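The structure appears right after this line, and notes come after that.
Derivation of every value follows stated rules applied to the coordinates shown; laboratory data play no part. Predicted model, so just to flag it, every value in this text is computed and none were measured. Note that each Cβ is placed from the backbone with ideal geometry, even for glycine, and that neighbours are counted across all protein chains shown.
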Amino acid sequence: MEVKKANSGWLAFLVSGIVAIGYGVLAILLTEKFVDILEIVMRVSGICIAATGVIFLIAAIVRMTKKLPWGLILLEAIALITVGVLSSIYATKALALLVILIGIWSAIIGAFMLLVMARTKNLWNKGFYIVSAILSIVFGVLLIAHPFGFVKWFIIMSGIIALAFGLIMMMFAFAIHRAEKEVKVEVVETSATEEEA
């Protein structure tokens with residue numbers, strides 16, 4: 001039973017490796033398609049947001065007829081419907097805006113880190129944090145300057161990382177499998193020796 005459990009373990013690593021390699025190959029070869037998929041996700045998300053806005057609008061109308069407070073719910077409904085419709089119609093621009101917002105956030109975080117380090121004395125491993133802050137600012141500026149170009153580069157990089165990870169997982173799986181076979185042979189040899197004795 002112990003050997004079966006071990007075997008299922010190495011197979012899980014092997015399958016993980018194959019999946020990671022599959023993703024890596026697809027990400028590298030079909031980068032443009034990945035961006036298209038992200039745009040489809042933005043459109044579907046926009047439709048869902050707009051649908052939620054419609055539900056809020058109905059709730060606001062119901063509350064209005066019952067003479068209950070409805071103003072805030074109506075504002076939320078209008079905001080949700082507007083964002084949802086714009087995200088659906090202008091999915092590409094909405095995706096670019098999202099990437100730009102991530103870039104702004106990254107640049108602000110990096111600048112804030114530098115500011116904190118300038119005011120903090122005796123900070124352990126300061127060089128590492130300075131490099132991290134600068135990388136965060138550079139990453140943010142790249143996203144802001146060319147959101148779609150960087151998204152494509154990021155997808156390709158994720159594919160390369162996935163390929164490397166998948167190969168490591170497969171090597172690890174085969175190493176475990178080989179070790180299990182050696183242990184199994186040792187167990188069989190020990191059992192045979194005990195029976196002879």
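Quick notes
- The overall shape of segment 49-127 is oblate: from the C-alpha gyration tensor, with semi-axes ordered a ≥ b ≥ c, the ratio a/c is 1.5 or greater and a/b is no larger than b/c.
- Classified by the C-alpha gyration tensor, segment 1-91 has an oblate form. Its axis ratio a/c, with a ≥ b ≥ c, is 1.5 or above, and a/b does not exceed b/c.
- Count of lysine pairs in the chain with Cα separation under 26 Å (8 or more residues apart, or interchain): 7
- Where labels lie 7 Å past Cα in the beta-carbon direction, separation of Ile61 and Ile161 in nm: 4.7 nm
- Two-site label geometry, Ile102 and Leu135: point separation in nm, points 7 Å out along Cα→Cβ: 1.7 nm
- Placing a label point 7 Å from the Cα of Leu68 along the Cα-to-Cβ direction, the residues of segment 40-57 whose backbone N falls under 14 Å from that point are 56-57.
- Shape of segment 73-177, Cα gyration tensor, a/c cut at 1.5: oblate
- Between Lys33 and Phe172, full extension at 0.36 nm per residue minus the direct alpha carbon distance yields a gain of 46.9 nm.
- Angstrom value of the Kirkwood radius, inverse mean 1/r, which spans all Cα pairs in segment 59-102: 12.0 Å
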